[in-house]
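Peer 1: First the structure, which I've put down as structure tokens, then a few questions once you've had a look.
The values are calculated or read from the model by the stated rules, or taken from the named source; none is laboratory data. As the structure is a computational prediction, the values presented were derived from the model and not from experiment. No Cβ is skipped: glycine too gets one built from the backbone with ideal geometry, and neighbour counts run over all protein chains shown. We work out accessible area using only protein heavy atoms, side chains counted, and drop any ligands, DNA or RNA first. Shrake-Rupley method; radii C 1.70, N 1.55, O 1.52, S 1.80 Å.
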Amino acid sequence: MEEKTVGEYTQVIKACKELFEKKTRDYGTAWRILRLSSLTDQIFIKAQRIRSIQEKGTQKVEDNINGEFIGIINYCIIAMIQMELAENPALELPYEALEPHYDKIAQETMELLLNKNHDYGEAWREMRVSSMTDIILMKLLRVKQIEDNKGKTLVSEGIKANYQDMINYAVFCLIKLNYLSK
């Protein structure tokens, strides 16, 4: 089962990275102007739209929720890139400078997934997409609280771990929605 999960995960991240590259080449790195809290809010908007569509059962804007899950993944990776580049004031960075950061974050996040899958026995495969959406929203509220507390926690995992969990749940959702077969 681990081999199947790695294959599916790798395919989803590859598609996300391809979109990230295209958008970077189209728009540059305008997102560098955003503070971490603004990126968190962008992720929140995407997750809230998914939940709203799930609850209403209809949507008026044609963009499907697969694109929103991809957006969650890429914005989480962008947020972690921002964290890594906190000391670099440059607003415009070439894709080639960002690609190693993207790859490193994706690899670390997949390793976290594999460790958790070992312990939890791939329980996510039995979960509903709506439940995983709620977990993403819960993790966003946690991140907002940590940001409001200026990054200080007493016993909780930090912002990065929550971003990684959101990436993994969004990947799971895409797998469960058969994104790979479309």
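Peer 1: For a quick check of your reading of the model, give me the residue pairs whose first member lies in the stretch 84-99 and is under 12 Å from GLY28 (Cα atoms) and open to solvent by less than 70 Å² (accessible area, probe 1.4 Å), whose second is of a type in the set (A, V, I, L, M, F, W, C) and part of a loop (DSSP other than H, G, I, E, B), with beta-carbon atoms closer than 8 Å and at least 6 apart or on different chains.
Peer 2: Matching pairs, first to second residue: LEU93/LEU85.
Peer 1: Something else now. Would you check which residues across the stretch 6-24 are closer than 17 Å to GLU99 by Cβ and either open to solvent by 30 Å² or more (accessible area, probe 1.4 Å) or not in a helix (DSSP H, G or I) (or both) and list them?
Peer 2: Answer for the stretch 6-24, where residues must be closer than 17 Å to GLU99 by Cβ and either open to solvent by 30 Å² or more (accessible area, probe 1.4 Å) or not in a helix (DSSP H, G or I) (or both): THR10, LYS14, LYS17, GLU18, LEU19, GLU21, LYS22, LYS23.
Peer 1: Next up: How many residues are open to solvent by less than 10 Å² (accessible area, probe 1.4 Å) and closer than 14 Å to LYS14 by Cα if we restrict to the stretch 107-116?
Peer 2: Qualifying residue count, the stretch 107-116: 1.
Peer 1: If you check SER38, SER52, which single one turns out to be within 18 Å of the chain's Cα centre (by Cα), surrounded by fewer than 16 Cβ atoms within 10 Å (Cβ to Cβ) and either outside any loop (DSSP other than H, G, I, E, B) or polar (S, T, N, Q) (or both)?
Peer 2: SER38
Peer 1: Could you tell me which of the residues GLU108, GLU96, GLU87 is modelled with pLDDT under 95, out of contact with any Asp or Glu (no Cβ under 7 Å at 6 or more places or on another chain) and more than 30 Å from ILE53 (Cα to Cα)?
Peer 2: GLU87
Peer 1: Here is a further query. Which of the residues that make up the stretch 62-79 are touching a residue at least 24 places away in the same chain (Cβ under 8 Å), farther than 10 Å from ILE43 by Cβ and open to solvent by 10 Å² or more (accessible area, probe 1.4 Å)?
Peer 2: Hits for the stretch 62-79 are ILE65, ASN66, ILE70.
Peer 1: May I pose another question? Looking at (1) hydrophobic (A, V, I, L, M, F, W, C); (2) open to solvent by less than 40 Å² (accessible area, probe 1.4 Å); (3) at pLDDT below 95, can you tell me which one MET132 breaks?
Peer 2: Evaluating MET132 over (1) hydrophobic (A, V, I, L, M, F, W, C); (2) open to solvent by less than 40 Å² (accessible area, probe 1.4 Å); (3) at pLDDT below 95 leaves (3) as the failure.
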